[in-house]
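Read-outs throughout are calculated quantities, based only on the coordinates presented, and are distinct from any laboratory measurement. Note that the structure is predicted; figures quoted are calculated from it, not measured. Here the Cβ positions follow ideal geometry from the backbone for every residue, glycine too, while neighbour counts run over all protein chains shown.
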């Protein structure tokens with residue numbers, strides 16, 4: 001990495017928004033999040049230090065990358081629409097965030113079912129899409145999975161059923177669809193198109209952060225643009241980068257989808 005200028009530039013760009021928190025925040029709680037990102041990246045590197053898993057052969061990198069970006073844009077429009085309640089078919093009691101009928105199921109269809117079917121039709125098999133069993137990938141992810149799961153059990157010891165329910169919700173509502181679309185599809189196409197794993201990681205992480213713009217602004221920060229961009233550029237883009245790095249090391253969706261769900265649940 002020290003000899004890879006692109007990797008050094010990407011690391012600097014990813015850390016820059018976090019450095020700004022030194023001046024913006026009057027506390028250092030954000031260091032726990034940054035530390036978690038760093039430990040996760042180190043864990044995946046350590047478990048795969050013999051070398052990253054080979055990237056799949058991509059047939060039409062630019063077209064397929066633009067296909068993934070179009071799906072991202074479509075999801076952003078859909079989520080902004082339902083959170084702003086602009087669609088007349090929404091029920092009167094609808095509340096944006098973790099709704100199975102109008103959020104989780106459409107997300108699974110648009111970010112998992114549809115792209116997988118399209119790529120199968122284009123000739124990509126299970127392994128090429130990162131959706132095979134891939135036991136080595138589970139081995140690489142095992143220490144981080146156990147650590148995050150143990151931490152979740154520790155902080156949720158008083159109500160473990162709720163923690164378990166949250167993990168399931170986040171697996172289907174965030175982990176599985178986002179790992180398929182942003183890592184298995186988008187990241188791999190950017191790698192083949194840009195011919196740089198580092199810049200592809202940064203691009204996929206930036207797009208991953210931006211796709212949270214509607215939910216951050218309309219739900220998480222109560223329409224506070226400043227906090228929206230802080231959350232997007234630090235926590236979400238940071239974890240987007242570390243999940244992209246983890247995918248480059250393991251090339252499998254399932255272990256990362258579970259880790260993603262555990263991170264969101266804690």
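Need one number: nm distance between label points at residue 19 and residue 120, each 7 Å from Cα along Cα→Cβ, rounded to one decimal.
Result: 4.7 nm between the two label points.
Per q in 0.12, 0.22, 0.23, 0.25 Å⁻¹, report the Debye log10 I(q)/I(0) for the stretch 139-224, using one uniform scatterer on each alpha carbon and no solvent.
Results for the stretch 139-224 at q = 0.12, 0.22, 0.23, 0.25 Å⁻¹ read -0.55, -1.11, -1.11, -1.13.
For the chain, modelled as a GNM with alpha-carbon contacts under 10 angstrom, which of 124, 217, 154 fluctuates the most?
Greatest mean-square fluctuation among the candidates belongs to 154.
Tell me, what does the Kirkwood hydrodynamic radius of the stretch 98-167 come to in angstroms if you use every pair of distinct C-alpha atoms?
So the Kirkwood estimate lands at 15.1 Å.
Whole-Å semi-axes of the stretch 1-81's equivalent ellipsoid, largest first, each the root of 5 times a Cα gyration tensor eigenvalue?
29, 24, 13
First check a/c for the stretch 108-266, with a ≥ b ≥ c the square roots of the eigenvalues of its C-alpha gyration tensor; if it is under 1.5, answer rounded, and if not, answer prolate when a/b is larger than b/c or oblate otherwise.
Since a/c reaches 1.5 but b/c is at least a/b, the shape of the stretch 108-266 is classed as oblate.
For the stretch 63-133, report the translational diffusion coefficient in µm²/s to the nearest whole number, using Stokes-Einstein at 37 °C, 0.692 mPa s, and a Kirkwood Rh over Cα pairs. Don't jump to the answer; show the numbers that get you there.
Details: Rh = 13.7 Å.
D = 239 µm²/s.
Rounded to the nearest Å, what's the spacing between the alpha carbon centres of the stretch 99-169 and the stretch 19-93? Just the number, please.
14
Return the single residue from 246, 150, 41 with maximal mean-square fluctuation; model: Gaussian network over the chain, springs between Cα atoms under 10 Å.
Maximum among the listed residues: 150.
Take residue 142 and residue 9, extend 7 Å from each Cα along the Cα→Cβ direction, and tell me the distance between the two endpoints in nm.
With each label placed 7 Å out from Cα toward Cβ, I get 3.9 nm.
How big is D, in µm² s⁻¹, for the chain by Stokes-Einstein at 10 °C and 1.306 mPa s if Rh is the Kirkwood radius over C-alpha pairs?
On the way: Rh = 19.1 Å.
Here the translational diffusion coefficient equals 83 µm²/s.
May I ask for the Kirkwood hydrodynamic radius of the stretch 4-151, worked out over all distinct Cα pairs and given in angstroms to one decimal?
For the stretch 4-151, inverting the mean 1/r across all distinct Cα pairs yields 19.5 Å.
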